[in-house]
1. Of all the C-alpha pairs in the stretch 1-43, what % are more than 12 Å from each other?
2. Summing Lys, Arg as +1 and Asp, Glu as -1, what charge do residues with Cβ under 14 Å from the Cβ of V18 carry, V18 excluded?
3. In percent, what relative contact order does the stretch 1-49 have, based on Cα pairs under 8 Å that are 6 or more apart in sequence?
4. For the stretch 25-30, in order, what is each residue's ³J(HN,Hα) by Karplus, 6.51 cos²θ - 1.76 cosθ + 1.60 with θ = phi - 60°, in whole Hz (x at glycine and Pro)?
5. What is the local net charge at F49, summed over the other residues whose Cβ is closer than 12 Å to its Cβ (Lys, Arg +1; Asp, Glu -1)?
6. What does the extension gain come out to for M1 and K20, with contour length at 0.36 nm per residue minus their alpha carbon separation?
7. Amide H neighbours of G6 under 5 Å, at least 5 residues apart or on other chains, H built in the peptide plane: list them.
8. How much net charge surrounds V31 when only the other residues with a Cβ under 10 Å from the Cβ of V31 are counted, with Lys and Arg +1 and Asp and Glu -1?
Amino acid sequence: MLYTGGDSQNVQFQNLAVPKDPSDPYLVEWVKSSNNPIMTPNEEEKELFRDPSTAWLGLMGPGELL
């Protein structure tokens, strides 16, 4: 799951979390990636970087991101 995070200067980042137990049909628990943030804004977008992407099933498989 991609989600928007931020810091104390109101700079927004895109982060990743994955299910703790992928076999759980309810996906109750999630774990934040140690690679966060996975996307950072340029200077002009640092406070307007919410949800900047769309993911879909593409030719290379699931999880393609624009």
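Read the figures in this text as sums done on the coordinates, not as results from a lab. In this text the structure is predicted, and so the values were computed from the model without any measurement. Neighbour counts run over all protein chains shown; Cβ positions are idealised from the backbone, glycine included.
1. Roughly 61 percent, rounded to a whole number.
2. -1
3. After rounding, I find 38 percent.
4. Whole-Hz 3J(HN,Hα) from phi for the stretch 25-30: x, 9, 6, 6, 10, 10.
5. Here the charged neighbours net out to -4.
6. 5.7 nm
7. Counting only residues 5 or more places away or on other chains, the set is F13.
8. Value of the local net charge: 0.
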